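> Right, I'll just put the structure down here and ask away after.
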């Protein structure tokens, strides 16, 4: 049955985000177009953090006193909410990390060092963020493993024409982002996962740009691991998630050692704790779990189909308007194949200059390589400018961006 | 002190009308500096006279306005100075000249050319100076 996306009014939802009311400097309102880097936070998240610290703050687990029990219930409550948000089978599969980067590193260190041997093949794509490249490069260097790369087409999509040849080399793991943080491309991860599994490989999906912006159900996605960050989905910084299949996580050795990840410690050895605590050494990000739980409730209230539909509308409008501006070139696929991200260049003006001039008018975009240097090399670009959108962006934000770009052109014309 | 717009006009003037732009035919030292974070590159050429005084200077490069305008400004600063003087030049010199408010968040772009020319001086003193741009590797600053 086709589901019809519930709708919400982005203009009304802006009132939920206190920061959107600020002026960057007197008389210059903020136009925030950098949500792919980090999202803004709704009041319900700020209040949840504040309430936790004012009312319940204590360390978690093993506490007998009331506050410790409350803090534990709140921390684990955040995990339960995340579990439901991504439709995980159990909270044992939801490991809290610092961010998506740490989640990927956890897999590369724990699973990777136990399972990757000299000559093994690791696959990733040419559109990955550095966080889904460098941990695998480090692992490959250490183990003498080989790397195979799924290339990117001129149009900014994965070129799967050589995938069968790559899979014929029997890779151990295939690492792919569900949505590019530069091009906005939404990749066919379910298809890639099915083919990779048929070849005997595991699949890790970098979901840092997808979980915040579209519905993700780990039971139908087909991945074995997914990684995402709380701060890109209305939650606080300092908390991220690794979801993994329970059977795999059970087999994996611990990542970091310390308190909480152990069941029993002897002077010369230890027994690891159960999932998910086995991978959570030391005092975790307690308030951040509470905040992430509030963020997940907020997003669920809007409906992720509706969030995606809204961003599709905004990015469609943004691409139309950007293409009106002489000298602007937008990278990546058509609006109906991407999320709310538009990376572009403006002829004869360096992206940092574009961003600095826009900033004078309160318009926050990002300029640089967006932690995807190899992808920029692919297009022969040192850097791009990137506008990225979220549930609180309105068409007027795009209009401000376009007006700003004409100003840039005038300045450098 | 000039206001923000005057600093911007000054920077744009150096960007659009760069001083000492191009290559030198027989330089005593060529140094290439890069800023991998944003892809700016400058190549500095120096020709030295008595006392290792900079008799001729030129630069080529590509990148953002700040990095290229700064290179133009730096050529004016080093001309006529001895290499010893060049290697003691301070970042503040460029930052103040270009306007702290305008360049404070882009210090790496603003100081790329100065870092490159100072490294050229050190390289010359070490006896390992490269005299051809084609042979000079891009060093990250």
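Since every read-out is calculated from the coordinates, none of them should be taken as a lab result. The shown structure was predicted, so the numbers you read here are calculated from the model rather than taken from an experiment. Neighbour counts run over all protein chains shown; Cβ positions are idealised from the backbone, glycine included.
> If a paramagnetic tag sat 7 Å from the Cα of residue A:59 along the Cα-Cβ line, which residues of segment A:283-299 would have the backbone N under 12 Å from that point?
Inside the label zone: A:283-284.
> How large is the helix-only mean residue ellipticity at 222 nm for chain A, computed as the sum of -39500 (n - 2.57) over DSSP H runs with n ≥ 4, divided by its residue count, in deg cm²/dmol to the nearest 500?
Details: 15 runs with 152 residues, N = 413.
Value at 222 nm, helices only: -11000 deg cm²/dmol.
> How large is the translational diffusion coefficient of segment A:50-92 in µm² per second when you combine the Kirkwood radius over alpha carbon pairs with Stokes-Einstein at 37 °C and 0.692 mPa s?
Numbers: Rh = 11.1 Å.
Value of D from the Cα-based Kirkwood radius: 297 µm²/s.
> Assuming 1.002 mPa s and 20 °C, estimate D for segment B:4-131 with Stokes-Einstein, Rh taken as the Kirkwood radius over Cα pairs, in µm²/s.
Working: Rh = 14.3 Å.
Answer from the Stokes-Einstein relation: 150 µm²/s.
> With a Cα-only, solvent-free Debye model of segment A:46-301, what are the log10 I(q)/I(0) values at q = 0.08, 0.12 Å⁻¹?
After summing over all Cα pairs, the log10 values are -0.32, -0.70.
> Right, next: Return the FRET efficiency for the residue pair residue A:199, residue A:237: r is the Cβ-Cβ distance, R0 is 41 Å, and the value is rounded to the nearest 0.05. Mind dumping the intermediate values first?
Working: r = 37 Å, r/R0 = 0.91.
Efficiency, rounded to the nearest 0.05: 0.65.
> Can you tell me the mean projection area, over all orientations, of the convex hull of segment A:69-209's alpha carbons? Units nm², please.
Working: hull surface 37.6 nm².
About 9.4 nm², averaged over all directions.
> Given Cα positions, please report Rg to Rh for segment A:94-134, the hydrodynamic radius being the Kirkwood one. Walk me through the intermediate numbers first.
On the way: Rg = 11.3 Å, Rh = 11.4 Å.
Computed over Cα atoms, the ratio is 0.99.
> Using Cβ contacts closer than 10 Å as the measure, can you line up A:102, B:104 from fewest to most?
Values: A:102 22, B:104 11.
Listed from fewest to most nearby Cβ atoms, that is B:104, A:102.
> Once the principal axes of the Cα atoms of the protein assembly as shown are found, what is the range along each, listed largest first in whole angstroms?
Cα spread of the protein assembly as shown along its principal axes, largest to smallest: 78, 55, 54 Å.
> Taking each pair of different alpha-carbon atoms in segment A:238-396 once, compute 1/r for the pair, average those values, and report the inverse of that mean as the Kirkwood hydrodynamic radius in Å to one decimal.
On the way: mean 1/r = 0.0509 Å⁻¹.
Value: 19.6 Å, from the Cα pair sum.
> How far apart, in nanometres, would the label points at residue B:25 and residue A:323 be if each is projected 7 angstrom from Cα along the Cα-to-Cβ direction?
Spacing of the two 7 Å Cα→Cβ label points: 5.2 nm.
> Separation between the residue B:55 and residue B:134 pseudo-spin-labels, each 7 Å from Cα along Cα→Cβ, expressed in nm?
According to this spin-label approximation, the distance is 2.5 nm.
> Here's another thing I want to ask about it. So for segment A:182-282, Kirkwood radius off the Cα pairs, Stokes-Einstein at 25 °C and 0.890 mPa s: how many µm² s⁻¹? Write out the running numbers ahead of the final one.
Values: Rh = 15.5 Å.
This corresponds to a translational diffusion coefficient of 158 µm²/s.
> Moving to a separate point now. Quick one: if you stick a label point 7 Å off each Cα along the C-beta vector at residue A:300 and residue A:402, how many nm between them?
According to this spin-label approximation, the distance is 3.9 nm.
> Can you give me the C-alpha center-to-center distance between segment B:83-141 and segment A:130-179, rounded to a whole angstrom?
Cα centroid of segment B:83-141 versus Cα centroid of segment A:130-179: 38 Å apart.
> In percent, what relative contact order does segment A:46-301 have, based on Cα pairs under 8 Å that are 6 or more apart in sequence? Display every interim value, and only then the final one.
Numbers: 497 pairs, mean separation 64.3, N = 256.
Relative contact order for segment A:46-301 comes out at 25 percent.
> A follow-up question, please. Within segment B:69-91, what residues put their amide N at less than 15 Å from the label point 7 Å along the Cα-to-Cβ vector of residue B:122?
Those under the cut-off are B:84-91.
> I've got another one for you. Tell me, what is the FRET efficiency for residue B:100 and residue A:361 to the nearest 0.05, using R0 = 25 angstrom and their Cβ-Cβ distance as r? Before the final figure, lay out each step's value.
Details: r = 21 Å, r/R0 = 0.83.
E(calc), rounded to 0.05, equals 0.75.
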